[in-house]
Every structure is written in structure tokens, then in C-alpha cells.
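The values are calculated or read from the model by the stated rules, or taken from the named source; none is laboratory data. Fair warning: this is a prediction, and the values are worked out from it, not measured in the lab. Because the Cβ atoms are built from the backbone with ideal geometry, glycine has one as well, and the counts that use them run over all protein chains shown. When the accessible area is computed, the model is the full protein with side chains, heavy atoms only, and any ligands, DNA or RNA have been set aside. Shrake-Rupley method; radii C 1.70, N 1.55, O 1.52, S 1.80 Å.
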Amino acid sequence: MVSYVNVLLYGVGGLVVAGMALLVAFQEKLVYVPVLPGLTKSYAITPARLRLAYEDVWLRSSDGVRLHGWFIKLFPESRGPTILFFQENAGNIAHRLEMVRIMLQRLQCNIFMLSYRGYGASDGYPSQHGIIKDAQAALEHLTQRSDIDTSRIVVFGRSLGGAVGAVLTKNNPDKVAALILENTFTSILDMAGVLLPFLKWFIGGSGSKGPRVLNFLVRSPWSTIDVVGQIKQPILFLSGLQDEMVPPSHMQMLYAKAAAHNNQCLFVEFPTGMHMDTWLAGGDHYWRTIQQFLEKHVPQKKDDAPSQNGNDIGAR
């Protein structure tokens, strides 16, 4: 008769094998979701639908992948900060346009929205190494523009975009003025145990208590917790406490890691904010938090002050 110990060992072994099979076969589909169910890869709308003046931008990453993005300006002569926005893992940049429309109005900024490789109109297939190259290409494009103040480039990343933005900011201390992270995870290694609880015994980040024997199988670890502590620029952390995807504790851990090495960090919580709607649930408090952060760390030059009082959102 097979002993209970043998049954237990077989069961654990089966879980390990199942976990390995899932990671090898489906991990990219779990991490990167360019097409939402029932929709197509193409953009459902463009900024023109929301009456936003924009420019289609085509780039080449350092490994030759053709990328697409939208550069949006609120005013033709606007010299405000330029936000390089990195989206979450699902859908494409068109699904963020309503939020971007409000961002333009409230922050009086320019916005560059990049489609990662494999997303929207960009070619290729998503991967961590590839998307890091894509982000760098977007930043290089902005630093070469003559119609913006290149000393006021701010990286804004939500969820996966925060992981992308953190790496870019760390790698470019002289080109990125500040970083904004919203509802970002500590690492994909830690998120594996959140999405598939049995995997937490075999996969985990640097703070995991498990043996982490399957970490070597993860091709896109996105270990933000190991990056934020190396960032020297100001960082704003925006955390929705009702986040149903990424545990809010992840944002708290990221802040703690960053603040231990950087005294220009600010952590702000939004009690009703969920993963995708913190900007909406946070209302005026959300936008004023960002506005005040930009005013402090990415100030407007005196000679660029707006001549129209109506364009000054601080008067609202």
C-alpha cells in the first residue's frame, strides 16, 4: 500500500510539474495581453475622436522593431512638462485616452503614449528585454524634439507600465526629471503567487520565504523592487487601496525600498481607488497631488509662464 507520505510527495511533485508547464507555455500570455477579449489589436479610437490635436510618431527600437506612439499637446506653444506614459499590460493606448484627455486639462502638459512592441500599431512580440528597448526609444525621441522643454520629461507608469518606467528612469538619471508610479507590483515573481496561489511556494521575489526553485523559468520577472532603490530622481507613489489586481502592500514595499535611499519620495493613498480607476475614484485630490508634485520637482521656468490666466489650473 502506498503510504500517505508518498502520496503527498507525488502531489507536490505534480504541482511543481504543472507549475513549470504553465510557466513555459503561457507566461507571456499571462503577462502581456495586447488584445482584450472581444476586441481587435487595432485602435478603437484615436485622439481626434476626443478633439485632441496629436501626432502619429513612428520609431525604431535599438533592435530594429517598428514602434508607434501618439504625441499630444494641449496648446501648440505649450512648454509645460512632458509626460511619457506607460500603460498597463492589457489593451492598448486607445483605451487610456479618456484619462489622458483629463490629464492634459488638469496638468497642462504634453503627453507621449507609446505602444509597446506587439501592442496597437507596433510590430513585434512583447518581452521584458524588448519593452525596455521600446521605452528607451521613446525617451530618445522626446529628448530630440525641439518643441518641448526636454529638462521637464516625467515618466508615468501604471501597473506593468510602472515597472517599465522604473527601469527607464534608473537608466536615464540625466534625461528623466521625475517618476510617477501607480498601482505597480514589486515583481512578476511575486505576482505569480497572487494570481496562482500554489506557485508562491516555488516562485517569488527577493523577499519571498519559499524556495523559489522555479524563478529561472520566468522570462519577464520585472523586479521593480530591485530597481526603485537605485532611482535618484523624485518619485510619486499613487496607491489605490481597493486594487483588486495588485495588492496595495506591493506599493507600500516599493515606497519603503525607494525612500530608504531617496528623500524625494512621496506616497499617497486613495481609499476607494481600484487597479484601473484610481485616477477617477481619486477625483480632484488625485490630480492636485500630481500637480503639486510637478510644481515642486519639475517647476516651470519663469520665462515660460503662461500669458493667459485661464490656462493656469492652479487658479481653479
### Task
Go through (1) touching a residue at least 12 places away in the same chain (Cβ under 8 Å); (2) out of contact with any helix residue (DSSP H, G or I) (no Cβ under 9 Å at 6 or more places or on another chain); (3) within 22 Å of residue 52 (Cα to Cα) one by one and return the number of the condition residue 146 breaks.
(1)
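Yes or no, residue by residue, for (1) touching a His at 6+ places or on another chain (Cβ under 7 Å); (2) more than 17 Å from residue 56 (Cβ to Cβ); (3) at pLDDT 95 or above:
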| site | (1), (2), (3) |
| --- | --- |
| 78 | no, yes, no |
| 128 | no, yes, yes |
| 131 | no, yes, yes |
| 134 | no, no, yes |
### Query
Hey, among the residues in segment 139-155 that are closer than 21 Å to residue 301 by Cα and among the aliphatic types (A, V, I, L, M), which one's surrounded by the most Cβ atoms within 10 Å (Cβ to Cβ)?
155
### Message
Give me the helices (runs of 4 or more DSSP H) completely within segment 235-316, filtered to those with at least 1 residues that are within 20 Å of residue 79 (Cα to Cα), open to solvent by 60 Å² or more (accessible area, probe 1.4 Å) and at pLDDT 95 or above, ordered by residue number.
### Response
283-297
### Message
Within segment 156-163, does at least one residue satisfy the condition of being open to solvent by 10 Å² or more (accessible area, probe 1.4 Å) and among the basic types (Lys, Arg)?
### Response
no
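Go through segment 84-121 residue by residue and tally those that are open to solvent by less than 20 Å² (accessible area, probe 1.4 Å), farther than 23 Å from residue 74 by Cβ and either touching a Pro at 6+ places or on another chain (Cβ under 9 Å) or assigned to a helix (DSSP H, G or I) (or both).
Going residue by residue through segment 84-121, those that are open to solvent by less than 20 Å² (accessible area, probe 1.4 Å) are 84-88, 91-94, 96-97, 99-100, 103-104, 107, 109-120.
Still in the list and also farther than 23 Å from residue 74 by Cβ: 88, 91, 116-119.
Narrowing the set further to residues that are either touching a Pro at 6+ places or on another chain (Cβ under 9 Å) or assigned to a helix (DSSP H, G or I) (or both) leaves 91, 116-119.
Qualifying residue count, segment 84-121: 5.
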### Query
Do we find a residue being under 27 Å from residue 151 (Cα atoms) and at pLDDT below 90 anywhere in segment 15-26?
no
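Return yes or no: is residue 188 modelled with pLDDT under 95 and not polar (S, T, N, Q)?
Answer is yes for this residue.
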### Task
Among the residues of segment 134-147, count how many are assigned to a loop (DSSP other than H, G, I, E, B) and either out of contact with any Phe, Trp or Tyr (no Cβ under 9 Å at 6 or more places or on another chain) or of a type in the set (Asp, Glu) (or both).
3
